[in-house]
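Worksheet: the structure to be examined is printed underneath.
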Amino acid sequence: MNVRSAEFETSAARASDFPAAGAPEVAFLGRSNVGKSSLLNRLVKRKALARTSSTPGKTRLLNWFRIERGGRELRLVDLPGYGWAKVSKAERQRWQKVVEDYLGDREPLRVAVLLQDLRRDVTEDETLLVDWLAERNVPVLLALTKCDKLKPMRRAARVKELRKQLALPAARVVPTSAEKGVGIPELWRAIDAFLNGPT
């Protein structure tokens, strides 16, 4: 199914700024500079819908994008990255609060897509996040980014290693490359499974 339209809708710095509930939402989250904006752009076939930067921590707000695809409207939500962004502790805590407000109590949220660089090991940040989401009944898809950086055999081994580290079923783990377009149809199919399932 092709994306018919994709447009920026709104940004929010606090829960009171979240848009009214409506179309089903898919959240994208991950470590700073993991490639969230690049993957979002590739998914919707737009070069600059979500702003990309080589500077960690560029996304400092929650950003909603309205998508029309296959006769259906949905929202993709780009969350601030966590980890080593060069910002103050107070600002990181503020980000964490608004992200938790969103992920923990957003009725239209159907699935959280956690991005993880295929070349990097999972840390406590990711394991705690997956557990936290599970406690709130938010399903997780693992999108392994930058898979074009590894040769096929090494890539396959890393996919198995990371899936095991996060204890996720194979159907919820998708190797991707925003640069090469690898895994984009597979990621859409995985997302669709949650959009089409019971709400």
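The values are calculated or read from the model by the stated rules, or taken from the named source; none is laboratory data. The structure presented is a predicted model; accordingly, all values stated were derived computationally and were not measured. In this analysis, Cβ positions are derived from the backbone assuming ideal geometry, glycine residues included, and neighbour counts consider all displayed protein chains.
Could you check segment 164-186 and list, in sequence order, the residues that are touching a Ser or Thr at 6+ places or on another chain (Cβ under 6 Å) and either more than 12 Å from residue 143 (Cβ to Cβ) or among the acidic types (Asp, Glu) (or both)?
Correct list: empty.
If you take the residues of segment 58-84 that are assigned to a loop (DSSP other than H, G, I, E, B) and surrounded by fewer than 20 Cβ atoms within 10 Å (Cβ to Cβ), which of them is modelled with the lowest pLDDT?
Of everything passing the filter in segment 58-84, 58 is modelled with the lowest pLDDT.
Here is a check on your reading of the model: is residue 103 within 17 Å of residue 62 (Cα to Cα) and modelled with pLDDT of 90 or more?
Here the answer is yes, as residue 103 does meet what is asked.
Would you pick out the residues in segment 37-57 that are closer than 26 Å to residue 127 by Cβ, modelled with pLDDT of 90 or more and of a type outside the set (A, V, I, L, M)?
Matches in segment 37-57: 38 only.
Kindly state which helices (runs of 4 or more DSSP H) lie completely within segment 123-199 and contain at least 1 residues that are of a type outside the set (Val, Ile, Thr), at pLDDT 95 or above and surrounded by fewer than 19 Cβ atoms within 10 Å (Cβ to Cβ).
Once the helices (runs of 4 or more DSSP H) in segment 123-199 are filtered for at least 1 residues that are of a type outside the set (Val, Ile, Thr), at pLDDT 95 or above and surrounded by fewer than 19 Cβ atoms within 10 Å (Cβ to Cβ), what remains is 152-166, 184-196.
Six or more apart or on different chains, Cβ under 7 Å: which pairs go from a residue in segment 105-116 that's within 12 Å of residue 23 (Cα to Cα) to one that's aromatic (Phe, Trp, Tyr)? Could you list them?
110/194
Could you count how many residues in segment 1-50 are surrounded by 12 or more Cβ atoms within 10 Å (Cβ to Cβ), part of a loop (DSSP other than H, G, I, E, B), basic (Lys, Arg) and out of contact with any strand residue (DSSP E or B) (no Cβ under 7 Å at 6 or more places or on another chain)?
1
Answer yes or no: is there a residue in segment 133-155 that is under 13 Å from residue 31 (Cβ atoms), without any contact (Cβ under 8 Å) to a residue 12 or more places away in the chain and of a type outside the set (Val, Ile, Thr).
no
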